[in-house]
Amino acid sequence: MPPAPGARSIASGGRVLILTLTLITLTSSLLATDPGPGSIAPPTLIMVNDLDYDNGESLTISWVPSLDDVPGQSEVVAYRILRSSGGGQEATIGTVLAGESTFVDQSVNRDSAYVYRVATIAANGGEGYSLPTDAVVPNREWLNWDLVWLFLACLVLGGSVVFFIETARRGKKLFVRKIAGLEAIDEAIGRATEMGRPILYIPGIQDMDEVETLASLTILGKVSRQIADYDTQLFMPVARSLVMTAGRETIKTSYLEAGRADAFNEDMVRYITDEQFGYVAAVDGYMVRERPATIFLLGAFFGESLVLAEMGNSVGAIQIAGTARPPQIPFFVAACDYTLIGEELFAASAYLSGEPRQLGSLKGQDVGKGIAMAVILIGVAAATIAELTGSGFFAGVVSTLQNVFTTR
Amino acid sequence: MSLDIGVWIGALLTLGIFSFLYRDNPFYKLCESIFVGVSAGYWFCVFFFDNMVRKFYFGVFPSEAGIEPKYFLIVGAVLGALMLTRLIPSIGWISRWPLSFIVGATAGLYMMLFFVSNGLNQVADTMLPLYRETAGGDFDPAETLGTILVFIGTFTGLIYFFFSKEHKGLFGGAARVGIFFLMVTFGAAFGYTVMSRMSLLIGRMDFLFRDWLGLLG
Amino acid sequence: MAGHWIAVAINVVVGLTLVWVLVRTIQGRPIERRIVFVYIALAVATPLFMKLEAPLAETPEVQSIVTTIKELPPGSRILISFDYDPQSAPELQPMAEAFIKFAFKQRHKVIIMGLWPLGPDQANQAIRAALEDPSVAELAPEYGVDYVNLGFQSGNEFVIQGMGSAFKNMFPQDERGTIYDNIPILRGVTNFSNVDYVQVFSSGKPGTREWVQVAADRFGATVGGGTTAVQAPEMYPFLRSNQLIGLMGGMTGAAEFEKAVEELGKANTFLLSQMFAHATVIVFVIFGNIAYFRSRRRDASTDAPTPGGIS
Amino acid sequence: MNRTLPFLLTFIVGFTIVIATFSPPLDRLAVDTAVFFSIIAVFAMILGGGNLVKINLVKITRRQRDWQFAIVTLVGFFFVLIIGLFKVGNPGGVTGQVDAPGTPFFDVYTYVFVPVGATMYSLLAFFIASASYRAFRAKNREATILLIAASIIMLGATPFGTMLTAWIPDSLDIFEVPNLHFFLMSSPNLAGQRAIMIGIALGVISYSLRVLLGVERSHIGKDGG
């Protein structure tokens, strides 16, 4: 992949700041309507726009097509865009087909000023040149002011999470309700120990660039810490090599913390294959042969969720599942003993740690939820009043709120 | 019946996998082992050529003149090479550096992605009047009911997810309403999943009867 | 036609045996799962031989895609991303074929790409199928002028983000190795602002969700989705909020699209099997629950432990 | 040192990407990070592939159960690896696309990979049927709602639903299955989806902050490890 010569801002809205507007007088364009033999009308009204909030790596040139450029006729073939900078040589930087009226120049530097001309190219080889534009310097913006509301929202939410982490750290007790699936973990590990059968931990089938996988590995940290205490056998088959490495690291840490470094074994974590159902086939085989007493299915799951959960159910294991993918949740609900739904998966590691600071972060995200609910309530109420009474004030409230909460 | 050897291999493998439905058997195990080995090798090659050769090598040493080399990619390769320190147990802890890099990048990236698309925009889209009119200006009962349900469901669903309050009393009642809405969502997901899986089975049957046996026009 | 009647006969017989299943289930002796498997196999296979036409309702999700495409002036540029692999082809290929035929007949320019390695190959198959259609062949769409396949680019949603700056950055050349700037259809196409519509066919991640999040939300592209049925429910929030213009969900969505654009194809053939399979699943859910309620009532009256068999 | 550097790396990389969202000159960072990830993943695959080979070799040498199939797995793995990495039979030679049509690598994909994968996937249809007979019980009010919704969707998704309720008069057409189907999908389902999505967003943000701020650092490991 070649480097992007002119990467532009991700989200600059549609607002375009017109820096330069070079008007070719009406007279000259009228004159151009009567071209002599071999000559052709040039494009007019050449404008050079610099996009708001970009990296200063592109300029957009637009024009009013030549009067000879009539749809369905082939007198005009194309437009040629010429550019010069710093009084240097003028060069063609691009050509577009007849009928087009814009060109994005992505080969500009922030430090230079550019002058453009656009030429009509006729079928008979004739060319009609526009007047040159004023010089334009592409502008770089360090901050995208279109996103200021997003930034503030980040600050509020991030701030509340950090605030409660701090509050908890200073020793204030924070209440967190029971989450059944997580309460059951102790029991599930204990059961495997009693039965003398292994525990199977499945961290989903996605790689480390998926936040659900990260969450699953943090839960693995807490779970394997307990497993180390109980001295129960743990097996974790994975579908990604990176997850294998990270999983080993996580389990090893837990075993070290439990003072059971001797019991740790790299083969607890095993890479199977990246292929979804190749992985499933192997894990199913393991379940049938080894009959694990407890199965954790936590992470990003797709179609394989049902196969794994059904198979685990049929070998009589206690199953604790969790995913943020709604399509897979019903199958977990049906075939597993406990299911963590969406947000609960991400809260699980904090909950399991029991550490005040971690629990504080849950409180912080509840504040976020509270704000979301309050905004929804106000927004809906205002929208309803506006709809019923036609009040401009309430309509204004709604559109302001929507504006704040919409980033597209 | 097909004369194409590829179709035959495909059909035999298909039957081998289907035989698992009766019980686990050597024919199935054979297909499974082939699949595990072949797929691991396949993805290794694809990732190698796509990531190492195309992205990394041609990123640092562009094949065409005039393209700026991306030397910073070498940092990525160094991080990657650090993963291999795991092969030497005494310095294996160095592999935490690339892992930390990945964890940080993933956390940072997803934070913003989910905040915008899953969070803010969904909140904004729920702010609709609970009284809806048709295009002609009359009261629209269906739309009104729909909007009210979306509002109640979203609101109570969020209550269900509250962690710092016990589900008791009025709050607990609301959370219960919320879980009902979640159950409809899961029911819908179930229905659609059935649909999807059946389609795949239809595809396989079509392959066996049409492409292999030639029984269908 | 013989196949049709044999299939119908088999279905009548199989339907009658369901009574036996019901009786056994009520008696607390549920049938083995392997017998359930046989029912599903028959429910899917036999309708393939039947020749019946099934009625189909119109849904706003699918119709809005059709209307959007129809309202575009001829010569509009449509970007299609093929984000699936052969494993999901049974669901998505019929959809893709019908869509491409329709786009060609509306005389639109089609730009193809894929975020899944094998997507562009599926696209080529769909194009081949479309070109076999006599009425499309008549229009003789030309590669490079009327359609182009940019191939696969890895990087998931980052590819879409990169395309927001310039398509060329992500796809320096097309699948056949032609330099981006030398492809006539791509002249003047810098980024999303130069395409009129984006259609995604997806079966997972990256897929329609990522296109909505990046192309629609960040760059304001008009995005329509075509997903496997599994993915469809997740798309409704985007649909309701107009982040997604329309949606074809699974085989039914494809069948409806085929009907709406008068391109009856595979999806309509498969729909009958789909219908029988669904009916079978529903019947089994009902049977299972009848047995469950009866056993519960027995428990309540005799205080006996839960009978086994249902696990 | 063993813990501080990884923590700093996580912290700096994470927050740089967050800040980059707001800064046009930096917004390519996210794209470049993804390339880094891909490169690191390839090195990790060496470890994964090595693990696969090791496990199967152990199985064969110790004559563990089903060791014969371990040979099949290894042969399949190395066969594909060799024809892939050395581009055996590739018309484009060593510079050709590895999975170009016409190569043995592509054939393996088309004739082994696709049919087995698709069939494995379609096994799900059978599992769903048996699950619906044995597992989907209206055990309580929640489960009942789930089942009813699922049934309406399954009916509404095929012509079956249309036929079943076609007799309902037009004035009550909201009760026809296709309409119920759309109503369910666009209202209660949407509400549930939205609650889940907003919840997940908050969960991810809180989780990410815990990771980036080092409150949660199990991925970093323990000193001296």
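Only the coordinates and a few stated rules stand behind these numbers; no lab work does. As the structure is a computational prediction, the values presented were derived from the model and not from experiment. Every residue, glycine among them, receives a Cβ derived from its backbone with ideal geometry; neighbour counts consider all protein chains shown.
Rounded to the nearest 20 debye, what is the charge dipole size of chain B about its Cα centre when +1 sits on each Lys and Arg Cβ and -1 on each Asp and Glu Cβ? Can you show the working numbers first?
Numbers: 14 positive and 14 negative charges, 178 e Å.
I would put it at about 860 debye.
Averaged over residues, the count of other Cβ atoms within 10 Å places the peptides A:271-283, D:12-24 in the sequence A:271-283, D:12-24, highest first. Semi-axis lengths, largest first, of the ellipsoid equivalent to segment A:87-225 are 65, 25, 12 Å, with √(5λ) applied to each eigenvalue of the Cα gyration tensor. For helix A:304-314, report the angle its Cα long axis makes with the longest principal axis of the Cα atoms of chain A; keep it between 0 and 90° and round to the nearest 10°. Helix A:304-314 sits roughly 10 degrees off the main axis of chain A. Ordering A:308-314, A:287-293, C:12-18 by mean Cβ neighbour count within 10 Å, with the highest value first, yields A:308-314, A:287-293, C:12-18. Taking a sphere under 14 Å around the Cβ of A:Arg357 and counting the other residues whose Cβ falls inside, with K and R at +1 and D and E at -1, yields a net charge of +4. Enumerate the lysines that A:Lys252 could reach by cross-link, defined here as Cα to Cα under 19 Å, with residues fewer than 8 away along the same chain left out. Within the straight-line limit of under 19 Å, A:Lys252 reaches these lysines: A:Lys222, D:Lys222.
For helix A:241-257, what angle does its Cα long axis make with the longest principal axis of chain A, in degrees from 0 to 90 and rounded to 10? Roughly 40 degrees between the two axes. Would you look at the GNM of chain C, springs on alpha carbons closer than 10 Å, and say which of C:Phe293, C:Phe82, C:Phe49 moves the most? Among C:Phe293, C:Phe82, C:Phe49, the largest GNM mean-square fluctuation belongs to C:Phe293.
Considering only C:Gly288, C:Gly250, C:Gly225, the Gaussian network model of chain C with Cα springs below 10 Å gives its largest mean-square fluctuation to C:Gly288. Set against the 2.2 N^0.38 Å expectation for a compact globular protein, the protein assembly as shown has a Cα radius of gyration ratio of 0.94. For segment C:146-251, the relative contact order comes to 21 percent (Cα pairs under 8 Å, sequence separation of at least 6).
When you restrict to C-alpha pairs under 8 Å that are six or more residues apart and normalise by the size of chain A, the relative contact order lands at 14 percent. Simple point charges give the picture: +1 on the Cβ of Lys and Arg, -1 on the Cβ of Asp and Glu, and for the protein assembly as shown a dipole about the Cα centre of about 4100 debye. Across peptide A:358-371, the mean count of Cβ atoms from other chains lying within 10 Å of each residue's own Cβ comes to 6. A simple rule links phi to the HN-Hα coupling: the Karplus curve 6.51 cos²θ - 1.76 cosθ + 1.60 with θ = phi - 60°, which for segment A:227-237 gives 4, 4, 4, 6, 6, 9, 6, 10, 9, 10, x Hz, with x for Gly and Pro. Under the criterion of Cα pairs below 8 Å and six or more residues apart, the relative contact order for chain C equals 22 percent. For the residues of C:160-170, the average number of beta carbons from a partner chain within 10 Å of their own beta carbon is 6. Comparing A:Leu256, A:Leu157, A:Leu220 in a Gaussian network model of chain A (Cα springs below 10 Å), the most mobile by mean-square fluctuation is A:Leu256. Averaged over residues, the count of other Cβ atoms within 10 Å places the peptides D:82-88, A:201-207 in the sequence A:201-207, D:82-88, highest first. Scan chain C and note any complete DSSP helix (H) whose C-alpha atoms cover at least 30 Å along its axis and whose Kyte-Doolittle average is 0.5 or more. TM-like helix candidates: C:2-26. For the peptide C:250-257, the mean number of other protein chain Cβ atoms found within 10 angstrom of a residue's Cβ is 4.
Axis of helix A:343-353 versus longest Cα principal axis of chain A: the two differ by about 50°, to the nearest ten degrees. Translational diffusion of segment D:83-166 was estimated from the Stokes-Einstein equation, with Rh taken as the Kirkwood radius over Cα pairs; at 10 °C and 1.306 mPa s the coefficient is 93 µm²/s. Distances between placed amide hydrogens fall under 5 Å for A:Ala78 paired with A:Ala98, A:Ile121, all partners being 5 or more residues away or on another chain.
Here r is the Cβ-Cβ distance between D:Asp170 and A:Asn124 and R0 is 56 Å; the resulting FRET efficiency, rounded to 0.05, is 0.30. Both radii are taken from the alpha-carbon atoms of chain C; with Rh as the Kirkwood radius, Rg/Rh is 1.10. Spin-label model, A:Ser399/B:Leu87: points 7 Å from Cα along the beta carbon direction are separated by 6.5 nm.
Partner lysines whose Cα lies under 25 Å from the Cα of C:Lys266, excluding those fewer than 8 positions away in the same chain, are identified as C:Lys51, C:Lys70, C:Lys101, C:Lys105, C:Lys109. FRET efficiency for the pair C:Thr178 and B:Val177, taken as 1/(1 + (r/R0)^6) with r the Cβ-Cβ distance and R0 = 56 Å, rounds to 0.45.
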